[in-house]
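The values are calculated or read from the model by the stated rules, or taken from the named source; none is laboratory data. Quantities reported herein were computed from a predicted structural model and do not represent experimental measurements. No Cβ is skipped: glycine too gets one built from the backbone with ideal geometry, and neighbour counts run over all protein chains shown.
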Amino acid sequence: MKTTKLATVLAGALALSTALGAVSAKASEFINVLTGGTSGVYYPLGAALSKIYGEKIEGARTQVQATKASVENLNLLQQGKGEIGFALGDSVKLAWDGDADAGFKAPLDKLRGIAAIYPNYIQIVAAKESGIASLADMKGKSLSVGAAKSGTELNARAIFGAAGMSYEDLAKTEYLPFAESVELMKNRQLDATLQSAGLGVSAIKDLATSVEIQMVAVPEDVVTKLGAPYVAATIPAGTYQGQDADVPTVAVVNFLITHSEVSDETAYQMTKQLFENLPEMEAAHKAAAQIKLENALTGMPVPLHPGAERYYKEKGML
């Protein structure tokens, strides 16, 4: 009888221990959201996403991390140092292929897709007093092209190449994040900055209130030479102070990317909570107004995570 009671007590203790272990494992679910510089668009959207996940995914602990954006985010995901990250479509493709020139020493085979989100617009902004009104006018001028080997800088290289130009045509090339580029322009130490982001970049808004700006168009023939994943786009008049007309440019889609070691349930929840809380994302930055469920699978450069795949199947998209 005593043996039976002891066995029952031990069994109960084991069951309780197992249950507590399960709770503990769930409570320790960690989601690090990899973004970009704090003055860009990735960061406020990542902060909103981190908040949503922390509130909506049971037991999740979240963190938002400022980074050098696309290239760094993808390398960190491959190393398991983040659970979800923002990245430009061309960077994701180059990462999957292992393009060393773009900053990927080997193919990043652990990358998995969550969703296509909003397009990044290439926004080339010059100080009006620089006399720059076109891409050709950049010759002999100084330009910041984003952090070295960032997604923005890869865009800059591609555009210059398609326009039959290179950094050698410039008087000076700076490799700086958005906010630092703007500070140099305010101090008249830089003629122009190229920024790849959603419309309404806080750094450009800040610049436009301090100096007269000139938005520089990316011509249609350059867009045609670039080809996929680049598409023709327009920066609407009034996006920035002093910008009185529409400006033709080029855009490339952003993606949310995870890695293969993230659990199916976590990837499912990350996908589901993104699309079920879009108003909160839009409140963080208006670029999120362009995130649409129907576009979530468009041009995905890497395999979908099985967890994300499950969500899209539920929605009848696969």
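Mind checking whether some residue in region 132-153 is outside the structural domain of T239 (by TED's automatic domain parsing), polar (S, T, N, Q) and in contact (Cβ under 8 Å) with a residue 40 or more places away in the chain? So far as region 132-153 goes, no, none of its residues is outside the structural domain of T239 (by TED's automatic domain parsing), polar (S, T, N, Q) and in contact (Cβ under 8 Å) with a residue 40 or more places away in the chain. Restricting to region 205-256, name every residue that is at positive phi and touching a strand residue (DSSP E or B) at 6+ places or on another chain (Cβ under 6 Å). Selection gives G242 alone. The set of residues from region 209-247 being more than 26 Å from G89 (Cα to Cα) and touching a residue at least 12 places away in the same chain (Cβ under 8 Å) comprises T209, S210, V211, E212, I213, Q214, Q241, G242, Q243.
With farther than 20 Å from L77 by Cβ and either over 17 Å from the mean Cα position of the chain (by Cα) or polar (S, T, N, Q) (or both) as the only criterion, which of E265, E314 stands out? After ruling out the rest, the residue left standing is E314.
Just give me the residues in region 133-149 being surrounded by 22 or more Cβ atoms within 10 Å (Cβ to Cβ), in contact with a helix residue (DSSP H, G or I) (Cβ under 6 Å, 6 or more places away or on another chain) and assigned to a loop (DSSP other than H, G, I, E, B), in sequence order. It would help to see each step written out before you state the result.
The initial filter retains those residues of region 133-149 that are surrounded by 22 or more Cβ atoms within 10 Å (Cβ to Cβ), namely 138, 143-147.
Now restrict to residues that are in contact with a helix residue (DSSP H, G or I) (Cβ under 6 Å, 6 or more places away or on another chain): 144-146.
Listed by number, the residues that qualify are V145, G146.
Residue selection: A163 fails the criterion of being among the aliphatic types (A, V, I, L, M), under 27 Å from P44 (Cβ atoms), surrounded by 19 or more Cβ atoms within 10 Å (Cβ to Cβ) and not assigned by TED's automatic domain parsing to the domain that holds G103. Of the residues making up region 291-304, those that are closer than 16 Å to A87 by Cα and touching a Lys or Arg at 6+ places or on another chain (Cβ under 8 Å) are P301, V302, P303, L304.
Per-residue answers, yes or no, for (1) over 22 Å from V92 (Cα atoms); (2) not in a loop (DSSP other than H, G, I, E, B); (3) not assigned by TED's automatic domain parsing to the domain that holds L88:
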| position | (1), (2), (3) |
| --- | --- |
| M270 | no, yes, no |
| L274 | no, yes, no |
| P279 | yes, yes, no |
| E282 | yes, yes, no |
| A288 | no, yes, no |
| E294 | no, yes, no |
| G299 | no, no, no |
| V302 | no, no, no |
| G307 | no, yes, no |
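Filtered by the rule that a residue be out of contact with any helix residue (DSSP H, G or I) (no Cβ under 6 Å at 6 or more places or on another chain) and not hydrophobic (A, V, I, L, M, F, W, C), region 151-168 gives T152, E153, N155, R157, G161, G164, Y167, E168.
Among the residues of region 170-178, are any among the hydrophobic types (A, V, I, L, M, F, W, C), within 16 Å of the chain's Cα centre (by Cα) and closer than 17 Å to V218 by Cα? Checking region 170-178: not a single residue is among the hydrophobic types (A, V, I, L, M, F, W, C), within 16 Å of the chain's Cα centre (by Cα) and closer than 17 Å to V218 by Cα.
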